[in-house]
Amino acid sequence: MKTYIKKYISYIIGTIVGALAGYLYWRFVGCNSGTCPITSSPLNSTLYGALMGALAGGLFKSERTKSTK
């Protein structure tokens, strides 16, 4: 379990931060009319934020390669 967390820590942190950002965006900005597909619902906004956060967290993942000689 520790190796899994250590391996994917950037994705995990990105997902958590993105979900929080998505929820806060819905809470403070949101969509009053209800016609916005992402920001009209807190669930949609949080899930979209989590997905975007995971993708952004993947940008910071360090790639370790083994050299073969």
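Things worth noting here:
- Look at the range 1-27: where a residue is touching a residue at least 12 places away in the same chain (Cβ under 8 Å) and farther than 14 Å from LEU59 by Cβ and a partner is among the aliphatic types (A, V, I, L, M) and part of a helix (DSSP H, G or I), sitting 6+ places away or on another chain with Cβ atoms under 6 Å, you get ALA19/ALA50.
- Of the helices (runs of 4 or more DSSP H) lying entirely inside the chain, the ones with 3 or more residues being at pLDDT 90 or above and surrounded by 15 or more Cβ atoms within 10 Å (Cβ to Cβ) are found at 9-28, 42-59.
- Residue match in the range 27-36 (condition: among the hydroxyl-bearing types (Ser, Thr, Tyr) and either touching a helix residue (DSSP H, G or I) at 6+ places or on another chain (Cβ under 6 Å) or closer than 25 Å to SER10 by Cβ (or both)): no
The values are calculated or read from the model by the stated rules, or taken from the named source; none is laboratory data. Not measured: the values here are computed from a predicted model. Positions of Cβ are backbone-derived with ideal geometry, glycine not excepted, and every protein chain shown enters the neighbour counts.
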